[in-house]
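K.L.:
If you scroll down you'll find the structure; I have some questions about it.
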Amino acid sequence: MPKRLLAASGIAAYLFLYLPLVIVVAYSFNDSRLNAEWVGFTWRWYKALFEDDAMLKAAGNSLFIALTASFAATVLGTMAGYALHRYRLRLLPVLIMAPLAIPEILVGVSLLIFFVAVNLTLGLLSITLSHIAFCIGFVAIVVRSRLAGMDESLPEAARDLGASPWQAFRLVTFPLIAPGILAGALLAFTLSIDDFVITFFTAGVGASTLPLQIYSMIKIAVTPEVNAVSTLLMLLTLFLIVIASRISPDSVRGK
Amino acid sequence: MALLELRNIVRSFGDFAAVDGVSMMIESGEFFTLLGPSGCGKTTLLRMIAGFDAPQSGEILLDGKDLVATPPEKRPIHTVFQSYALFPHMTVAQNIAFPLRMRKIGKAEINERVKEALDDVRLSDRGGRFPGELSGGQRQRVALARALVSRPRLLLLDEPLAALDMKLREQMQLELINLQKEVGITFIYVTHDQTEALALSHRIAVMNGGKVEQLDEPSKIYDCPRNRFVADFIGTCNLIEAKVTVAGEEKMVLEIDGLGEVTARNPGGELTGSKGVLALRPEKIKIGQQIALESGENRFRGKVHDFLYMGDVTVYIVEVGEGVHIEALLPNSAAGRPRIFAAGDPVEISWRYDAGVFLND
Ligand SMILES: Nc1ncnc2c1ncn2[C@@H]1O[C@H](COP(=O)(O)OP(=O)(O)OP(=O)(O)O)[C@@H](O)[C@H]1O
Ligand SMILES: [Mg+2]
């Protein structure tokens, strides 16, 4: 009996999570302007998508920002994660984790005020900088958890056997935490590509990203085109998360 | 000159002194053991010798030269870690080649020496495997091969056999002794297992609470413990509260509450009137229904209080005098006979005066 109850609540939870997504995906193939009833199967919304210049431009921006931001955040976040692990400082972990918990809207507003204060024109650069800022913490956490799972004595053994501190890092520590770094990079990429709130505040008038573009479209109505682009975005992020959990199961599953 | 000399090493964590004024000299070619209970500072001391940690005061000298400013990679000292610390992303052969690579030795020579090292530890067919694919004993041997392949002056081993089961441990102990003889490298071996320490070492330093309690050959440590802690920690030992009444040149007379006078060996020094314990090893006590008294022996009547069948021997706890319990051993040489005496049986026990040693408090 409790077993069945457990199974039932599990199924309910999954339905709750995925049913709305399934609906979006389904309507993206629906041959009707209205998200009301199923008419028939079509690829036409996807075709419209690839003919929509604004959408393509936004997608290009999103990809550029996500690639740049995740790369920079991975380098900085890895260094931060290593420092967190190596020097057991009291305050540093809190300071690097806090931005993950601070409401995004606050981060967005404060970044906007900051960019205005330093006279930075809002656009691709300001969005990218903001994304780097909020991704560092996530990468740092993933890398740190990978380091925490590594036997302390391994880099020591390397030193003991004649490796300089740098050689010990390059030949032993780095290869062992590489899956964590890669997982952190994928996580940063997915966070960046679908971020809305912070992007909204730091985008200015010129630059748009996919989430901003979708938002501006649904101000009028939720068109099937929005369903189509949402489906593609969802597929991409799902794919990346699956890969991330494959290469570094414990850090993504929060072991 | 000693190979390694420690001079008054102190290492504290906060107020707590993990290593508290340790001095010792270790000779070249020696199998030297640090023995002590958990938390007595063995690993801390080893880490300072390897260079992962530095003493707050004191000196570590190798061949008479101070090592304190030398980083671990520049010390001709290698460590076999308790967890083995084999690099999981490298094959067995790559692991063993690691210290040679760090020394910028040519490819051809590395291959040759790795092959030799694998042969030495009987793992020639495992060179291409990853550490995760090996058994505990095999990993142990890879760790040894890796630490020895570049011929360090000194090898540190931190409880290297602790993770192995009994049978394998005994086998590895023999291999370790032979290996050490063969390579002639000085070993500093850490363990909290006293039988292992007695079996392997040339000399043992018994540590407790960050200090060295006694530093001696195994037989000296066992037969002539210097204080109550050493007597109690090494093997089983009867420790009986006693007071010295007369101290002669070689013998002394002790007064034991509830038992009376006992003759013991005088460990030296002016001890008349001092209090302490009589340390008496169970296997040095004879037990029987009636024992003829020989000269220089102590003999008492008592009765069997309890006994423990151990397979090879039976341990009898004999009550003598008023409430004094003494453990004695009897080998079970006759087959199919778990015990000779039962609880309550009247017996006699005796021991030579020099079987017992008086330890001053
Ligand atoms: N980095 C550290 N910070 C604080 N205390 C420490 C540290 N390292 C060791 N200690 C303390 O120092 C004492 C000695 O530790 P050490 O590891 O040397 O013991 P050990 O003799 O090797 O014990 P075991 O047989 O359990 O390995 C312990 O009480 C331990 O708690
Ligand atoms: Mg230890």
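The values are calculated or read from the model by the stated rules, or taken from the named source; none is laboratory data. Predicted, not measured: the structure shown is a model, and the values here were computed from it. Positions of Cβ are backbone-derived with ideal geometry, glycine not excepted, and every protein chain shown enters the neighbour counts. Ligands, DNA and RNA are stripped out before the accessible areas are found, and what is left, the full protein with its side chains, is counted by its heavy atoms. Shrake-Rupley method; radii C 1.70, N 1.55, O 1.52, S 1.80 Å.
K.L.:
What residue, of B:M48, B:M90, is within 16 Å of ligand 2 (Cβ to nearest atom) and over 21 Å from B:S201 (Cα atoms)?
P.N.:
Answer to the selection: B:M48.
K.L.:
Which is more than 16 Å from ligand 2 (Cβ to nearest atom) and on the phi < 0 side of the Ramachandran plot, of B:I204, B:I188?
P.N.:
Result of the check over B:I204, B:I188: B:I204.
K.L.:
Ok, one more. Across region A:162-189, what is the number of residues that are more than 10 Å from chain B (Cβ to nearest Cβ) and open to solvent by less than 10 Å² (accessible area, probe 1.4 Å)?
P.N.:
6
K.L.:
Looking at the structure I just gave you, is A:S126 buried (at least 19 other Cβ atoms within 10 Å of the Cβ), in the same structural domain as A:G60 (by TED's automatic domain parsing), polar (S, T, N, Q) and at pLDDT below 90?
P.N.:
no
K.L.:
In addition: Looking at B:T79 and the list (1) facing chain A (nearest Cβ under 10 Å); (2) hydroxyl-bearing (S, T, Y); (3) surrounded by fewer than 17 Cβ atoms within 10 Å (Cβ to Cβ), which single condition is not satisfied?
P.N.:
Exception for B:T79: condition (3).
K.L.:
Right, something else. How many residues, within region B:36-76, are within 10 Å of chain A (Cβ to nearest Cβ), within 12 Å of ligand 1 (Cβ to nearest atom) and either touching a residue at least 40 places away in the same chain (Cβ under 8 Å) or part of a helix (DSSP H, G or I) (or both)?
P.N.:
Of the residues in region B:36-76, 1 are within 10 Å of chain A (Cβ to nearest Cβ), within 12 Å of ligand 1 (Cβ to nearest atom) and either touching a residue at least 40 places away in the same chain (Cβ under 8 Å) or part of a helix (DSSP H, G or I) (or both).
K.L.:
Go through B:T272, B:T263 for me and flag whichever is surrounded by 15 or more Cβ atoms within 10 Å (Cβ to Cβ) and of a type in the set (S, T, Y).
P.N.:
B:T263
K.L.:
I'd like to know if region B:52-63 contains one or more residues that are at positive phi, more than 16 Å from ligand 2 (Cβ to nearest atom) and more than 24 Å from the chain's Cα centre (by Cα).
P.N.:
Looking for residues that are at positive phi, more than 16 Å from ligand 2 (Cβ to nearest atom) and more than 24 Å from the chain's Cα centre (by Cα), one finds at least one in region B:52-63, hence yes.
K.L.:
Which ones in region A:1-28 are in contact with a Pro (Cβ under 9 Å, 6 or more places away or on another chain) and of a type in the set (S, T, N, Q)?
P.N.:
A:S28
K.L.:
Would you mention how many residues in region B:113-125 are among the charged types (D, E, K, R) and either closer than 23 Å to A:R159 by Cβ or within 13 Å of chain A (Cβ to nearest Cβ) (or both)?
P.N.:
1
K.L.:
Any chance you could count how many residues in region B:218-260 are open to solvent by 20 Å² or more (accessible area, probe 1.4 Å), assigned to a strand (DSSP E or B) and of a type in the set (A, V, I, L, M, F, W, C)?
P.N.:
Going through region B:218-260 one residue at a time, the tally reaches 4.
K.L.:
On to the next question. For region B:21-35, enumerate the residues that are within 14 Å of ligand 1 (Cβ to nearest atom) and either more than 11 Å from the chain's Cα centre (by Cα) or not assigned by TED's automatic domain parsing to the domain that holds B:N178 (or both).
P.N.:
Answer for region B:21-35, where residues must be within 14 Å of ligand 1 (Cβ to nearest atom) and either more than 11 Å from the chain's Cα centre (by Cα) or not assigned by TED's automatic domain parsing to the domain that holds B:N178 (or both): just B:V22.
K.L.:
Take A:D151 and decide whether it is crowded, with 24+ Cβ neighbours inside 10 Å and acidic (D, E).
P.N.:
no
K.L.:
State all residues of region B:93-112 that are away from chain A (no Cβ under 14 Å) and either of a type in the set (S, T, N, Q) or crowded, with 16+ Cβ neighbours inside 10 Å (or both); if no residue qualifies, say none.
P.N.:
Within region B:93-112, B:A93, B:N111 meet the criteria.
K.L.:
Which count do you get for residues in region B:137-184 that are within 12 Å of chain A (Cβ to nearest Cβ), within 16 Å of ligand 1 (Cβ to nearest atom) and surrounded by fewer than 23 Cβ atoms within 10 Å (Cβ to Cβ)?
P.N.:
1
K.L.:
In region B:169-203, which residues are of a type in the set (S, T, N, Q) and either more than 21 Å from B:L215 (Cα to Cα) or in a helix (DSSP H, G or I) (or both)?
P.N.:
Residues satisfying the conditions are B:Q171, B:Q173, B:N178, B:Q180, B:Q194, B:T195.
K.L.:
Another one. Can we say B:R113 is more than 16 Å from ligand 2 (Cβ to nearest atom) and assigned to a loop (DSSP other than H, G, I, E, B)?
P.N.:
Considered against the rule, which asks whether it is more than 16 Å from ligand 2 (Cβ to nearest atom) and assigned to a loop (DSSP other than H, G, I, E, B), B:R113 comes out as no.
K.L.:
Filter region B:7-30 for residues that are closer than 24 Å to B:V183 by Cα and not small (G, A, S) and give the result.
P.N.:
Selection gives B:M24, B:M25, B:I26, B:E27, B:E30.
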